[in-house]
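Q: For reference, the structure I am asking about is given below.
The values are calculated or read from the model by the stated rules, or taken from the named source; none is laboratory data. Here the structure is a predicted model, which is why all the values come from computation and not from measurement. Positions of Cβ are generated from backbone atoms using ideal geometry, with glycine treated the same way; all protein chains shown enter the neighbour counts.
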Amino acid sequence: MNQQFIEQESVEQQELAQLLFEVQFKLSPELVCHAPGRVNLIGDHTDYNDGFVLPAAINYGTTIAASVREDNIVKVYAHDCDEQINKFSLSDISFDDQMMWSNYVKGTLQALIKKHPEIKGANLVVTGNVPQGAGLSSSASFEIAILKAFTQLYQLDLKGIEAALIGQQAENNFVGCNCGIMDQLISAMGQKEHAMLLDCRDLSFEDAPIPDDLTLFIVNSNVKRGLVDSEYNLRRQQCEQVAEYFGVSALRDVTIEQLISAKEHIAPVLFKRARHVITENSRALTTLEALKNNDIASISIAMKESHISLRDDFEVTTKEMDGLVDIIGEVLGADGGVRMTGGGFGGCVVALVPSVMVIQVENAVNNKYEKEYGLKPNIYHCTATQGAFR
Ligand code: GLA
């Protein structure tokens, strides 16, 4: 097997995927590839407003073992989805409301075929360790891993940004979530030990070093996320309504002064949604500078304000996520930052924690969260990793 396909993932995941493939298909895979999940440090619900985000790819992701087929059939074995097998033809792709996970493969390949009609089928084994539905982009890492596999299997000329756009199309046009570009782009183009400031308007990006002594500390609140897609799509619509009021293509083009001076003409709920987006864009830019200058105090303030804005103006947090942020924030003070991360309505909080404080923060979470909210937290110590197409 070619080493270049597999250099970034943990040996166990590769070996597991390879072994499962051999059992399922009675032959060795041609390749094993990997795409990471992500955590967003700051800049949530800004990507679909042409704004700024600051995510990092993480050392949890989706691994795929694959080989080509002569026909048009794609046969997928999903180890982590009850070991289900899905089989479909590339010439007849339709939505599956029984095996929801398979729609990520189908939607991705339907969008890929439009650009690369030359592809044929494949045998695939999928396994991953991104907690599903936790706001760490298990689905984007799945889409990007599929695209990486087909790119390698059929030697496609597919660059990371194109791959990200194809993954996003799968979500928007097939799965039914009107998500932005952040998750797919960081999974494709993330840089080891760096976060990425991404301008979601022109898709230009800048790598931002994560200071050595800060740990990417993630806690899953384990709140089951409900109504995520419908609430998410509603937030997007609300933002678009305000942009339309101002006669611009996206909220990126509205300043806070313009918004405030139009306050009495805008419904209160729409005003709050727009205020979040506009202020969050500037916090993402502030945090980029603060990361570059190792200015933890400014990161701390920006992350705190971001959480409050997502809680009160954008209304996408839950009391459990707010509770976790309080528990961690109390320990960190100005020495680190903490906020919810991702789409919200449950899922994870992210903290930038000085290495010397990690144990203290972990103890606080373990001692207080379950007692107060009746849910067991899962803690992940992450590192920033390389994207699949970088
Ligand atoms: C989800 C979406 C992203 C982004 C975040 C919120 O993760 O997939 O595009 O909008 O929510 O920042």
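Q: Go through Leu234, Leu216 for me and flag whichever is out of contact with any Lys or Arg (no Cβ under 7 Å at 6 or more places or on another chain) and closer than 21 Å to Ile181 by Cβ.
A: From the options Leu234, Leu216, the qualifying one is Leu234.
Q: When you go through (1) touching a helix residue (DSSP H, G or I) at 6+ places or on another chain (Cβ under 6 Å); (2) surrounded by 18 or more Cβ atoms within 10 Å (Cβ to Cβ) one by one for Ile256, which number turns out not to apply?
A: Unmet for Ile256, out of (1) touching a helix residue (DSSP H, G or I) at 6+ places or on another chain (Cβ under 6 Å); (2) surrounded by 18 or more Cβ atoms within 10 Å (Cβ to Cβ): (2).
Q: How about the stretch 178-195: which of its residues are over 13 Å from the mean Cα position of the chain (by Cα) and closer than 21 Å to Leu234 by Cα?
A: Asn178
Q: Residues that are assigned to a helix (DSSP H, G or I), among the small types (Gly, Ala, Ser), under 30 Å from Ala388 (Cβ atoms) and within 14 Å of the ligand (Cβ to nearest atom): does the stretch 243-260 have at least one?
A: no
Q: Can you give me the ranges of the strands (runs of 3 or more DSSP E) entirely in the stretch 98-217 with at least 3 residues that are away from the ligand (no atom under 13 Å from the Cβ), surrounded by 20 or more Cβ atoms within 10 Å (Cβ to Cβ) and not charged (D, E, K, R)?
A: 122-128, 194-199
Q: Quick check on the stretch 222-238. Is at least one of its residues more than 11 Å from the ligand (Cβ to nearest atom) and touching a strand residue (DSSP E or B) at 6+ places or on another chain (Cβ under 9 Å)?
A: yes
Q: Take Ala274 and tell me if it is within 18 Å of Ser306 (Cβ to Cβ), touching a Gly at 6+ places or on another chain (Cβ under 9 Å) and in a helix (DSSP H, G or I).
A: No: the conditions fail for Ala274.
Condition check ((1) within 16 Å of the ligand (Cβ to nearest atom); (2) within 24 Å of the chain's Cα centre (by Cα)) across all residues:
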| site | (1), (2) |
| --- | --- |
| Ile328 | no, yes |
| Leu332 | no, no |
| Arg339 | yes, yes |
| Gly343 | yes, yes |
| Val356 | no, no |
| Asn363 | no, no |
| Lys368 | no, no |
| Lys376 | no, yes |
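Q: Applying the selection to the stretch 265-289, what residues are more than 21 Å from Gly342 (Cα to Cα) and crowded, with 16+ Cβ neighbours inside 10 Å?
A: Ile266, Phe271
Q: Within the stretch 335-342, does at least one residue satisfy the condition of being over 26 Å from Phe52 (Cα atoms) and either modelled with pLDDT of 95 or more or not aromatic (Phe, Trp, Tyr) (or both)?
A: no
Q: With respect to Asp313, is the statement that it is among the acidic types (Asp, Glu), touching a His at 6+ places or on another chain (Cβ under 6 Å) and surrounded by fewer than 22 Cβ atoms within 10 Å (Cβ to Cβ) true?
A: Here the answer is yes, as Asp313 does meet what is asked.
Q: Tell me which residues, restricted to the stretch 23-75, are assigned to a strand (DSSP E or B), within 13 Å of the ligand (Cβ to nearest atom) and of a type outside the set (S, T, N, Q).
A: Result: Gly37, Arg38, Val39, Leu41, Ile42, Phe52, Val53, Leu54, Pro55.
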